[in-house]
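*Asks:* Dumping the structure here so I can ask a few things about it.
Readers should treat all values here as calculations from the given coordinates under stated rules, not as data from a laboratory. All of these numbers come straight from a predicted model, not from anything done at the bench. Glycine also receives a Cβ, built like all others from the backbone with ideal geometry; neighbour counts cover every protein chain displayed.
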Amino acid sequence: MERLRVTYSKSKEAIYLSHLDTLKVFNEALIRANISVEYSKGYNPRPEITFAHPLSVGIESTGEIMEIILSEYIETPYFIKQMNKALPDGITILAAEYVELNQKSIMSRVYASTYLITFIYGEERLEGKTKKQIEDMKIYYQKMMEKFLSQRNILVLKKSKNRMERIDIKTQIINYEFTLDGSLEITVSTGSRNNLKPEFIMSGFNEYIDENMDYEVKRTRILYT
């Protein structure tokens, strides 16, 4: 048996696949690619595939990670080539490497994720503005985001059971910076204990500026120990 760690991207229509749908897609692709995988023991055996951390529906990613227990060793270039032939449009294997078979599951080792949040300026915001006014507007919202994230406490509304409550997400933000095009690259806690989703950040920001700013999210990296 061999443990293969795989990095893949998820885009286009594939971002609307749920976690279970994604698992099914990979299982079917492995069968079509004629790659033998180990199965769990018990009444309902399942392929030994573990995802680092399920991606929320509707989010694009260039840094998803999963581990597969293969029945036998195969060359990684061959694995990547055969799988990419078998996978549907929108899911692409980017890299693969063998890791120790007896190490802890990748899921239990994840502690953070990096997301790229890009503001979307609709026609209603751009209409009638000069290039200089548009650039000034983008700088304004970037500065407002900096003020929002630099608060001592960042309180956002979250539904808990049957009620809404405010939670402080400040301690779950590890670091952040702005890219040259003004997008926010932010690394946040991820895992079974703490899992800060980008939509919580943006819902808090929209409340902070008292506007409804549209945005796109892409996960670029999953961090693990």
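*Asks:* Would you mind counting up the charge near PRO88? Only other residues with Cβ under 12 Å from its Cβ, with Lys and Arg at +1 and Asp and Glu at -1.
*Replies:* Once positives and negatives cancel, what remains is +1.
*Asks:* Under a crude label model (7 Å from the Cα following the beta-carbon direction), how far is LYS12 from LEU94 in nanometres?
*Replies:* A separation of 1.7 nm, rounded to one decimal place.
*Asks:* Still on this model: Using θ = phi - 60° and the Karplus form 6.51 cos²θ - 1.76 cosθ + 1.60, what ³J(HN,Hα) does each residue of region 216-221 get, whole Hz, x for Gly and Pro?
*Replies:* For region 216-221, the Karplus curve yields 10, 10, 9, 8, 10, 7 Hz.
*Asks:* Find out how many positive minus negative residues lie around SER61, taking Lys and Arg as positive, Asp and Glu as negative, among other residues whose Cβ is under 11 Å from that of SER61.
*Replies:* After counting each charged neighbour, the total is +2.
*Asks:* Turning to a different aspect of this structure: For the chain, set up a GNM with springs between Cα atoms under 10 Å and report which of ASN162, ASN175, ASN212 has the largest fluctuation.
*Replies:* ASN162
*Asks:* Filter the cross-link list LYS143/LYS218; LYS12/LYS161; LYS10/LYS81 down to pairs whose alpha-carbon distance in this structure exceeds 25 Å.
*Replies:* On the way: LYS143/LYS218 21 Å; LYS12/LYS161 33 Å; LYS10/LYS81 17 Å.
LYS12/LYS161, as the Cα separations exceed 25 Å there.
*Asks:* Then there's this: Taking 7 Å along the Cα-to-C-beta vector as the label spot, tell me the THR179-LEU101 distance in nanometres, rounded to one decimal.
*Replies:* That separation, rounded to one decimal, is 4.0 nm.
*Asks:* Among the lysines, select those whose C-alpha is under 18 Å from the C-alpha of LYS138, and discard any that sit fewer than 8 residues away in the same chain.
*Replies:* Once the sequence-local lysines are set aside, what remains near LYS138 is LYS129, LYS147.
*Asks:* Something else now. Mind checking the dipole of region 57-151: about its Cα centre, +1 per Lys or Arg Cβ, -1 per Asp or Glu Cβ, Debye to the nearest 20? All intermediate terms of the calculation are to be shown ahead of the outcome.
*Replies:* Values: 11 positive and 14 negative charges, 94 e Å.
I would put it at about 460 debye.
*Asks:* Let me ask you something else. Under 23 Å from the Cα of LYS104, which lysines turn up, not counting those fewer than eight places away in the same chain?
*Replies:* LYS41
*Asks:* Which lysines, on any chain, are close to LYS158 with Cα under 20 Å apart, when same-chain ones fewer than 8 places away are left out?
*Replies:* Within the straight-line limit of under 20 Å, LYS158 reaches these lysines: LYS170, LYS197.
*Asks:* Continuing with the same structure: Filter the GluC sites (Glu not before Pro) in region 69-147 down to the DSSP loop ones having no more than 16 other Cβ atoms within 10 Å, then list what survives. The partial results should precede the final answer.
*Replies:* Values: sites: GLU72, GLU75, GLU97, GLU100, GLU123, GLU124, GLU127, GLU135, GLU146; in loops: GLU72, GLU75, GLU100, GLU127.
Those satisfying the criteria are GLU72, GLU75, GLU100, GLU127.
*Asks:* Enumerate by residue number the trypsin sites (Lys or Arg not before Pro) in region 1-74 meeting two conditions: DSSP loop (anything except H, G, I, E, B), and at most 15 other Cβ atoms within 10 Å of the site's Cβ. Spell out each step's value before the answer.
*Replies:* Working: sites: ARG3, ARG5, LYS10, LYS12, LYS24, ARG32, LYS41; in loops: LYS41.
Those that pass, being in a loop and sparsely packed, are LYS41.
*Asks:* Just to check I understand the Karplus step: with θ = phi - 60° and J = 6.51 cos²θ - 1.76 cosθ + 1.60, what whole-Hz values come out for region 131-145, glycine and proline as x?
*Replies:* Listing the rounded values in order: 4, 5, 5, 5, 5, 4, 5, 5, 5, 4, 5, 5, 5, 5, 5 Hz.
*Asks:* Now for a separate question. Tell me the label only: which of (1) 59, 38, 30; (2) 48, 40, 36; (3) 59, 39, 36 is Cα extents along the principal axes in Å as calculated from this structure?
*Replies:* (1)
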